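First up is the structure itself, then whatever we jot down about it.
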Amino acid sequence: MARASAWCSRHGWLVGLAWGIAESTVFFIVPDVGVAFVAAMSPRNWWLPALASILGTLIGAALLFFTIHLWLGPSATQFLLRIPGIHPATLASASDQIAGHGAGALLLAAVQGIPYKVYATELTLAGVSLPTLLLWTMPSRALRLLPVAAVAGGGGRLLQGSLMRHFRLWVAAYILFWAALYAWYWTR
């Protein structure tokens, strides 16, 4: 655990940044997975992977925005349907929320089971400007990732002795938890 903790303290923000970019564009696993792990391994800097992930999401949102405008156009929704966990009902739900709340629907994305990239794509196709998309992205991701990181950091601090003694067991339990959660999510 000492090596993992040291690595997370120094480089864990890269996990948040990379995961934020990946998940906001094409990756199908939420950044909460990496952010929480890094925060638990480096509880003193629990906030760093969350902020880096928010920055990564902003970068990914801009990439997605320009990709839709310059290349994919309306076929962006077909592209999304190729990503695991995204279905026509997912797109319809996000579209309905956007119709009712505009870019403010991104705040719902923080607590819904709908990936950020779906909202970003639907908002881009609806004609929302890049600055508006980015401004609403910040609180949306912060509402989700900062509490996740804070709880994981608190848990890491509280369980530090056990984490040191049973590191592999904790990592296995962590992986099983997320695998079970995604198995449930993808089959519902």
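The values are calculated or read from the model by the stated rules, or taken from the named source; none is laboratory data. All figures in this text were calculated on a predicted structure; none of them were measured in a lab. Here the Cβ is made from the backbone with ideal geometry for all residues, glycine too, and neighbour counts use every protein chain on show. In case anyone asks, the SASA skips ligands and DNA or RNA and just uses the protein heavy atoms, side chains included. Shrake-Rupley method; radii C 1.70, N 1.55, O 1.52, S 1.80 Å.
Counting only residues that are within 22 Å of G102 (Cα to Cα) and surrounded by fewer than 12 Cβ atoms within 10 Å (Cβ to Cβ), region 129-171 holds 1 of them.
Could you please give the count of residues in region 123-152 that are free of Cβ contacts under 8 Å to residues at least 40 places away in the same chain and either touching a Leu at 6+ places or on another chain (Cβ under 9 Å) or closer than 21 Å to V38 by Cα (or both)? Adding up the residues that qualify gives 7. Counting only residues that are at negative phi, touching a residue at least 12 places away in the same chain (Cβ under 8 Å) and outside any helix (DSSP H, G or I), region 73-87 holds 3 of them. In this structure, I68 does not satisfy being under 12 Å from the mean Cα position of the chain (by Cα), part of a helix (DSSP H, G or I) and in contact (Cβ under 8 Å) with a residue 40 or more places away in the chain.
Scanning region 172-188 for residues that are under 20 Å from the mean Cα position of the chain (by Cα), open to solvent by less than 80 Å² (accessible area, probe 1.4 Å) and within 15 Å of M41 (Cβ to Cβ) yields a single hit, Y174. Scanning region 88-122 for residues that are loosely packed, with under 15 Cβ neighbours inside 10 Å and part of a loop (DSSP other than H, G, I, E, B) turns up V111, G113.
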